[in-house]
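Nothing in this text is a laboratory measurement; each read-out follows from the coordinates by a stated rule. Worth saying up front: this structure is predicted, and the values here are computed from it rather than measured. When we count neighbours, we look across all protein chains shown, and the Cβ atoms used for this are built from the backbone with ideal geometry, even at glycine.
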Amino acid sequence: MYWTSLLAAVTLAIPSVHGFIRFGCSNLVTERFDPLVTPGQVSPHVHQVVGGNRFDLAMDPNEDFGATATCTTCRFKEDKSNYWTAVLYFRHRNGSYIRVPQMANHNTGPGLQSGGMTVYYFQPSPPTKDLNITSFAKGFRMLVGNPMRRSNDIDPSTAAAQATTFRCFQGTSPGAIGAPGTPPEDTFSLPNKICTGGIRSNIYFPQCWNGKDLDPADHQSHVAHPVGNGFFGTDCPASHPVRLPLLFMEINWDTRPFNDPKIWPKDGSQPFVFSMGDPTGYGQHADYVFGWEGDSLKRAMDVCTGADGLVTKCSALTVQTTEEMNNCRVPVKVKEVIEDKYLKQLPGCNPIQRGPGYATIPKGCNALSTTFNAPSPTYAPAVVTPPWTVCNAGPTPEPLTPACDSIPGEKPPAPVVTPPPA
């Protein structure tokens, strides 16, 4: 369920929310590399990246990305951070693969963003003992999830068990009201059924910091989830006492073109697989590099304390149009085909590994690893028309839904983009 509608409900399924900001980010680049993966940990696999246009192979931790990026795919111009996730592929009955398109989320209009995700920054809420938050600092990075995981091996009584989950949409219904990640509405594994309206990834990053390290070698040990099995109203562990904004992301995968069971695998298994060869969904993961301009995130957290998350109500930040978001892109650096056509195998050295043991890195990988200086994209980015409302165009405004004409210069919805035949 999208959060703006959830918070409009008379009775909430979560404790009182102190405030949050919510905004869409279009796709910046789809690429087979990950600057936060240490060599030997996982084979390079295709990721989708959103945010500021300083994303590159080096990702120098000493660089101030908020100051050096010249544009961002996010609705707020001040957010030059980078957010990236593994890409989902469809596995056809004939054994070929094609990247699953992404589509705009509920209430992210006006305009349709090109793929990407919806980003949230939540403030802590009662009965949390410490309601004060510390903003991320320059050089801060973190990773949530484990790309090598292939089974449900996380203690269900912990928050980590709900940190990377999936919502199966049926038709235009967003699902039951409740905090994303909560079973049985959402699952840790990829849905094993046809989701007629698409599949959404729900990803919570750790919100507790040790107060010292900005980016350790594993990109994870400096942060932790709160104690208990929830993300709201819970306290940080003593080992990580500093409260950060709760970063949450939603990615809507447009699985509608693949709803015909006749093209699913003959054994009836669910046909979607992540780019690192994960058909289970347990390996879902995401990366974050902080890149807000100056103290803009801290200002927003101090001022934008409403419980609706609407971008136009956050006076501390600058809103840009969807067209500006969509047209901020960087060139692909690895010269290979990774999308828009069926492939014989997943890009890179990423065979299907079902588990239940952890995935291993194949030996003797000869996948393309060189990069080249490609020109910046000049063609119009592809967009998908989702089955739900992204803004309110009717005479009777829907609660907490942005008006389609609230920002000048927005473009009307584009046609649905469908994949080519196998």
Can you give the relative contact order of the chain as a percent, counting alpha carbon pairs under 8 Å and 6+ residues apart?
28
A student applying the Cα gyration tensor rule (rounded when a/c is under 1.5; otherwise prolate if a/b is larger than b/c, oblate if not) would label region 110-230 prolate
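In what sequence do ASP186, ASP60 fall when counting other Cβ within 10 Å, fewest first?
ASP60, ASP186
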Excluding residues fewer than 8 positions from LYS193 in its own chain, the lysines with Cα under 21 Å of it are LYS262, LYS266
Would you list LYS298, LYS344 from fewest to most Cβ contacts within 10 Å?
LYS344, LYS298
Neighbouring Cβ atoms within 10 Å as the yardstick, rank TYR83, TYR358, TYR121 fewest first.
TYR358, TYR121, TYR83
Order of 124-133, 392-401, 145-154, 47-56 by packing, highest average Cβ count within 10 Å first?
47-56, 145-154, 124-133, 392-401
Need the list of lysines near LYS363 for cross-linking: C-alpha distance under 29 angstrom, and skip anything on the same chain fewer than eight residues off.
LYS333, LYS335, LYS341, LYS344
Assigning unit charges at the beta carbon (Lys, Arg +1; Asp, Glu -1) and nothing else, what dipole magnitude in debye, to the nearest 20, does the chain show about its Cα centre?
980
Answer with a single label: of (1) 20.4; (2) 19.3; (3) 22.1, which was calculated as mean projected area of the Cα convex hull in nm² from the structure in view?
(2)
